[in-house]
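Everything below concerns the one structure shown next.
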Amino acid sequence: MLPNPNVRRLDEFQVFSFQFQVFTKAVSVEIRILSPDDLPATVSLLAYLNPKVPEEIVRQRFETILSEHPHYQAYGAFSDQTLIGVAGAWIATKVWCGLYLEVDNLVIVPEHRSSGVGTLLLNALEGRAKELGCNILVLDSYVSNSPSHRLYHRLGYEIRGFHFVKELEDIAH
């Protein structure tokens, strides 16, 4: 079981610090809202998650999200000042559930997968959702991503429906 985070205020950002074991080496992980300085590393991770989309398009789309959508925040997991995981969070309201937080683009660098980093990010987002008064957390996951499905089930997420997509044009460009 992972320890509870120590939370401290840093300017306007809330920072979560965790200690946990990865293999036999102690690793310190900090979860915080991403800053503009984190953009290059963030884009690399998002491009890894979306291999059919050129990295420049990933960068443009992510910059658009950050600049045009005030109800979106991006969180990063850092180990030794290195970005090892990313998750976005959309805050919105729907008729059926009220205020909710949607987890978006959760990705962990391959060498830190199955080490607890994804759990830390999701727990941090759950804490943020509770602070904001959200009723539920939601997320989408690629059908083929069974390792992430096991994580989501373990953390209490349930499959409640289908996500239908109809492409109107080539979304990779």
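Evaluate the distance, in nm, between pseudo-label points positioned 7 Å from the Cα of Phe162 and of Arg61 along their respective Cα→Cβ axes.
Between Phe162 and Arg61, the label points sit 2.3 nm apart.
Which trypsin sites (Lys or Arg not before Pro) in the stretch 131-173 pass both tests, a DSSP loop state and at most 10 other beta-carbon atoms within 10 Å? All intermediate terms of the calculation are to be shown ahead of the outcome.
Details: sites: Arg150, Arg154, Arg160, Lys166; in loops: Arg160, Lys166.
The qualifying sites are Arg160, Lys166.
May I ask which of Lys52/Lys94; Lys94/Lys166; Lys52/Lys130 have a Cα-Cα span longer than 24 Å here? Spell out each step's value before the answer.
Working: Lys52/Lys94 31 Å; Lys94/Lys166 21 Å; Lys52/Lys130 34 Å.
Beyond 24 Å: Lys52/Lys94; Lys52/Lys130.
Which three numbers, in whole Å and largest first, are the semi-axes of the equivalent ellipsoid of the stretch 115-157 derived from its Cα gyration tensor as √(5λ)? Provide the component values of the computation, followed by the final result.
On the way: eigenvalues 81, 31, 12 Å².
Working through the eigenvalues yields semi-axes of 20, 12, 8 Å.
Read the figures in this text as sums done on the coordinates, not as results from a lab. Given the structure is predicted, the values throughout are model-derived calculations rather than measurements. Here the Cβ is made from the backbone with ideal geometry for all residues, glycine too, and neighbour counts use every protein chain on show.
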